[in-house]
Amino acid sequence: MNQTKKKKGCLYYIMWFFFIRFIAPIGFLLFFGVLGAISELISSSWSDEINTTSNTTIKPKTTQETITVTKPKSKSVTSQKPISDDEKYFEKNTYWTTNFGPKHRGLVKVKQRDYYASINNRRNLTVYNTWKYNALSVIRNDKYKLDDVTSVFKRIKRDKNYSRNQFADVIVSFTQDIPYALIDNAIDIYAPVEFIKKYKGDCDTKTIFLYVVLKKFGYDVVILNSWHYGHSILGINLPTSGNNYKYYNGKRYYAWETTYPGWLKGQIPPKVFNMNHWEISLY
């Protein structure tokens, strides 16, 4: 055998042996080491990702609700209309009993501006005028300012089936029930509107008021004054009995005491009963 080929053969065998014995195992170790390292690296990466994910607080998605707040409709504040002078009143609830039995009630009122006008008119009068002049002055000034008083009587007349005599008593007994009081002014009289507002008055204050109101309802009335007795009463042309009357223009005007409650038509107090001392001052 050729010595050179033998050497080559031996060398090839030695190299193969060496490769199988040493290189191959090392190569396998290196291969699997690298593969393990790669595997470890990948595993570590996944672990970090998982940890990162697990350590991250996942907040639930909140649904933002759009809440529409509807403001309550504010009530429109309507500015109150100022009260005019025509709507300002002095008022009083009244209760009284008629001389024939039934009881009545009503809200009597007068306009404030009419009250002040009534006072101003009365203040312009003096004691140097005649009684008739002063009486006619307050009557003319006030007679159209009592509609809110006479409306009470109109309601009663509408609702009740009273006779003419009875209805006259409703009005007179209303006036009799208002407290008696002495008057302290220049003419010693309250005008009709002033009388209702103050709700008190003396004898001729009451007769003047009744003269105005009863004439509004169609009654034939006069005012009887006595300078002898210093007193004033109403005279009314309605049928009645007795002798307490004054004769005028062919008609009898029966005296009616108006100062205090309880007096009927044709009745007057004994101390002023002499009709010769009475005269018709206003008709």
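Here are a few things to note about the model shown:
- Any hit, the stretch 257-271, residues being within 23 Å of Thr130 (Cβ to Cβ) and not polar (S, T, N, Q): no
- On inspection, Leu210 does not qualify as over 16 Å from Thr259 (Cβ atoms), in contact with a strand residue (DSSP E or B) (Cβ under 8 Å, 6 or more places away or on another chain), assigned to a helix (DSSP H, G or I) and not β-branched (Val, Ile, Thr).
- Applying the set (1) over 16 Å from Thr258 (Cα atoms); (2) of a type in the set (Phe, Trp, Tyr); (3) buried (at least 20 other Cβ atoms within 10 Å of the Cβ); (4) in contact with a Ser or Thr (Cβ under 7 Å, 6 or more places away or on another chain) to Phe153 leaves exactly one unmet item: (4).
- Selection of the stretch 110-123 for residues being part of a helix (DSSP H, G or I) and over 17 Å from Ser232 (Cβ atoms) yields Gln112, Arg113, Asp114, Tyr115, Tyr116, Ala117, Ser118, Ile119, Asn120, Asn121, Arg123.
- Per-region count, the stretch 103-123, residues surrounded by 14 or more Cβ atoms within 10 Å (Cβ to Cβ), closer than 30 Å to Ser163 by Cα and not aliphatic (A, V, I, L, M): 3
- All positions within the stretch 124-144 that are assigned to a helix (DSSP H, G or I), surrounded by 13 or more Cβ atoms within 10 Å (Cβ to Cβ) and not hydroxyl-bearing (Ser, Thr, Tyr): Trp131, Asn134, Ala135, Leu136, Val138, Ile139, Asn141, Asp142
- Every listed requirement among (1) of a type in the set (A, V, I, L, M, F, W, C); (2) surrounded by fewer than 16 Cβ atoms within 10 Å (Cβ to Cβ); (3) in contact with an Asp or Glu (Cβ under 9 Å, 6 or more places away or on another chain) is met by Ile236 save one, (2).
- If only residues of the stretch 138-156 that are of a type in the set (Lys, Arg) and in contact with a strand residue (DSSP E or B) (Cβ under 9 Å, 6 or more places away or on another chain) are counted, the one that is nearest to Ile208 (Cα to Cα) is Lys145.
Bear in mind that the values in this text are calculations on the coordinates, not laboratory data. Here the structure is a predicted model, which means the values were calculated and not measured. Heads up, the Cβs are rebuilt from the backbone with ideal geometry, glycines too, and the neighbour counts pull from every protein chain shown.
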